[in-house]
Amino acid sequence: MPYWLMKSEPDELSIHHLQKLGRARWDGVRNYQARNFLRSMQESDLFFFYHSSCPEPGIAGIARIAGPTYPDPTALDPQSPYHDPKANAEKNPWSALDVEFVEAFEQVLPLARLRDNPALVGLSLVQRGSRLSVMPVSEAQWQAILAMR
DNA sequence: GCCAACGTTGGC
DNA sequence: GCCAACGTTGGC
């Protein structure tokens, strides 16, 4: 079963917010590479929930893919910050899916510590200049990160 | 707020 | 198809 890592700004959706909700829509992905990873996900895949653009960037917990992708409604909503003026109901290039809460780490696993782990040099997250918001995580990387909690 | 790095856009 | 200009991401 594949593993993933997805970034969210905690102001928008944090792991604790997801814990309260139980389930939420993962939307607003506006990068084709990230979108393609979204589309290759399967229900019940697990992913690390990463907090970005915040005082303590790092992995904050684990969540699960709750179903298949569907057209991202925020692309069609003129009120949404993710509105795409080139998208319409017939042709919406963007995908969203639902996710379920699994676990919140007691402490956020900081990006700086992830960078220090030699087992994670191949992870897109810690590579120089990488801005990918959805990425695959290998089994070995998954286990290495779990062991750092 | 700064800025490096990357992705996208659009003129040619 | 090239590439300069611009916009965005995201850590610091």
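Here are the numbers:
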quantity: Highest-MSF residue in chain A out of A:21, A:76, A:132 [GNM, Cα springs under 10 Å]; calculated: A:21
quantity: Mean ellipticity per residue at 222 nm, deg cm²/dmol - from DSSP H runs of n ≥ 4 across chain A, formula -39500 (n - 2.57); calculated: -5000 deg cm²/dmol
quantity: Sequence-distant residues sharing a close amide H with residue A:137 (under 5 Å, placed H); calculated: A:3, A:4, A:5
quantity: Protection proxy ranking, peptides A:52-62, A:115-125, average beta carbon neighbours within 10 Å, highest first; calculated: A:52-62, A:115-125
quantity: Spin-label pair residue A:12/residue A:90, simplified geometry with 7 Å Cα→Cβ offset, distance in nm; calculated: 2.9 nm
quantity: Relative contact order (%) - the range A:67-130, alpha-carbon pairs under 8 angstrom, separation at least six; calculated: 26 percent
quantity: Neighbour-count order for A:26, A:142, fewest beta carbons within 10 angstrom listed first; calculated: A:142, A:26
quantity: Paired Rg and Dmax values of chain A, which use every Cα atom, in angstrom; calculated: 15.1, 46
quantity: Under the Karplus curve 6.51 cos²θ - 1.76 cosθ + 1.60, θ = phi - 60°, whole-Hz ³J(HN,Hα) for the range A:136-149, x wherever Gly or Pro sits; calculated: x, 10, 6, 3, 5, 5, 4, 5, 4, 6, 4, 6, 8, 4
quantity: Long-range HN-HN contacts of residue A:9 with modeled amide H, under 5 Å; calculated: A:52
quantity: Restricting the range A:42-149 to GluC sites (Glu not before Pro) in coil, as DSSP defines it, with at most 16 other Cβ within 10 Å; calculated: A:43, A:90
quantity: Max mean-square fluctuation residue, GNM over chain A, Cα-Cα springs under 10 Å, options A:93, A:81, A:73; calculated: A:81
quantity: Amide H contacts under 5 Å for residue A:105, placed H, 5+ residues apart; calculated: A:61, A:62
quantity: Sorted by Cβ density within 10 Å, fewest first, the residues A:77, A:27, A:98, A:72; calculated: A:77, A:98, A:27, A:72
quantity: Sites matching trypsin sites (Lys or Arg not before Pro) across the range A:2-103 that sit in DSSP coil, with at most 10 neighbouring C-beta atoms within 10 Å; calculated: A:86, A:91
quantity: Normalised contact order of the range A:3-147, rounded percent, pairs of Cα under 8 Å and 6 or more residues apart; calculated: 31 percent
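All of the numbers you see were taken from the coordinates with simple rules; none came from a lab. The structure displayed is predicted, hence computed values, not measured ones. Every residue, glycine as well, gets a Cβ built from its backbone with ideal geometry; the counts of neighbours run over all protein chains shown.
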